[in-house]
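Here's the structure we're looking at; comments come further down.
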Amino acid sequence: MPKDHPVPKAGINMSGNLYIIRHGKTAWNEMHKLQGQVDIPLSGDGIKLAKEAAAKYRDVHFDICYCSPLKRASETAQILLEGKDVPVLYDDRLKEMNFGVCEGITDYFDDNGSPVSDFFNRPEKYDNPPEGAESMDELFKRTGDFLEEMVYPELEKEKDVLIVGHGAMNSAIISQIKKLPRSMFWSEGIENCELKKLM
């Protein structure tokens with residue numbers, strides 16, 4: 001993990017609550033295809049999951065929602081917050097990690113020959129991203145900047161913040177909030193439409 005990733009500064013009163021949720025399922029999730037920044041909408045099951053989450057978490061209070069602009073996240077946020085007076089702000093820094101030429105592949109998790117297999121199995125060894133892909137340092141930098149610039153100031157104002165994002169992007173946020181080593185990047189991974197309170 002980069003040594004300079006932003007974390008809440010000592011002495012700052014973070015009185016608000018921070019929640020994070022992963023988007024509902026897509027057809028590519030169901031086919032085990034690596035999505036990255038390919039803009040895939042929710043599937044029928046994904047819409048159902050989002051509606052179930054809306055009912056399950058209806059009593060959780062949010063003042064503001066920050067969301068990835070990718071369809072699967074934005075559709076999830078719209079369903080989750082339907083009927084609530086919660087502003088949804090889109091930020092490109094919340095997009096899923098870019099996997100470059102590997103986006104769309106299926107044998108990426110168990111295939112030791114895959115250029116991204118280390119990322120999913122041994123993230124501390126993911127040092128050579130494939131062509132066009134983000135490095136972990138780049139992912140941590142953009143999500144860390146987002147926390148510093150957008151989230152922490154709202155928490156200081158006692159606002160309850162929701163982030164709607166993606167598997168790897170969410171894990172980068174969680175890793176920075178909880179100061180996890182890179183080897184534990186996936187240790188608190190979130191299932192689709194599962195809400196997690198971070199602060």
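Observations on the model:
- Taking first residues from the range 139-153 that are free of Cβ contacts under 8 Å to residues at least 40 places away in the same chain and partners that are surrounded by fewer than 18 Cβ atoms within 10 Å (Cβ to Cβ), the Cβ contacts under 9 Å between residues at least 6 apart in sequence or on separate chains come to PRO153/LYS159.
- Candidates VAL101, VAL88, filtered to the one that is of a type in the set (Val, Ile, Thr) and under 21 Å from SER74 (Cβ atoms): VAL88
- Considering only residues in the range 121-135 that are buried (at least 19 other Cβ atoms within 10 Å of the Cβ) and assigned to a loop (DSSP other than H, G, I, E, B), the one that is modelled with the highest pLDDT turns out to be GLU134.
- Residue satisfying condition, being over 24 Å from GLU188 (Cα atoms), aliphatic (A, V, I, L, M), surrounded by fewer than 19 Cβ atoms within 10 Å (Cβ to Cβ) and in contact with a strand residue (DSSP E or B) (Cβ under 6 Å, 6 or more places away or on another chain), within set VAL88, VAL101: VAL88
- Of all residue pairs spaced 6 or more apart or on separate chains, those with beta-carbon atoms under 7 Å, a first member in the range 18-45 that is farther than 19 Å from ASN170 by Cβ and a second member that is outside any loop (DSSP other than H, G, I, E, B) and aliphatic (A, V, I, L, M) are SER43/ALA27.
Results for (1) farther than 25 Å from PRO69 by Cα; (2) in contact with a helix residue (DSSP H, G or I) (Cβ under 7 Å, 6 or more places away or on another chain), shown as yes or no for each residue.
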site: ASP118; (1), (2): yes, yes
site: GLU131; (1), (2): no, yes
site: SER135; (1), (2): no, no
site: LYS159; (1), (2): no, no
site: MET169; (1), (2): no, yes
site: GLN176; (1), (2): no, yes
site: TRP186; (1), (2): no, yes
site: LYS197; (1), (2): no, no
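- Here GLU191 fulfils each of the conditions (1) crowded, with 17+ Cβ neighbours inside 10 Å; (2) under 25 Å from ASP39 (Cβ atoms) apart from (1).
- Close pairs (7 angstrom Cβ cut-off, 6 or more residues apart or separate chains): farther than 21 Å from ALA50 by Cβ in the range 155-177, β-branched (Val, Ile, Thr) and assigned to a helix (DSSP H, G or I) anywhere: ALA172/THR143; GLN176/THR143
- Positions within the range 85-120 being within 18 Å of the chain's Cα centre (by Cα), assigned to a loop (DSSP other than H, G, I, E, B) and either without any contact (Cβ under 8 Å) to a residue 60 or more places away in the chain or under 30 Å from ASP59 (Cα atoms) (or both), in sequence order: ASP91, LYS95, GLU96
- Filtered by the rule that a residue be in a loop (DSSP other than H, G, I, E, B) and in contact with a strand residue (DSSP E or B) (Cβ under 8 Å, 6 or more places away or on another chain), the range 167-193 gives GLU188, ILE190, GLU191, CYS193.
- Looking only at residues of the range 1-49 that are at pLDDT 95 or above and of a type in the set (Ser, Thr, Tyr), we find that the one that is farthest from GLY189 (Cα to Cα) is SER43.
- From ALA50, ALA73, ALA54, ALA77, residue being buried (at least 18 other Cβ atoms within 10 Å of the Cβ), touching a residue at least 40 places away in the same chain (Cβ under 8 Å) and farther than 24 Å from GLU149 by Cα: ALA50
- Meets criteria (more than 30 Å from PRO153 (Cα to Cα) and in contact with a strand residue (DSSP E or B) (Cβ under 8 Å, 6 or more places away or on another chain)) for LEU34: yes
The values are calculated or read from the model by the stated rules, or taken from the named source; none is laboratory data. The structure displayed is predicted, hence computed values, not measured ones. Methodologically, a virtual Cβ is constructed for each residue, glycine included, from the backbone with ideal geometry; neighbour enumeration extends over all protein chains shown.
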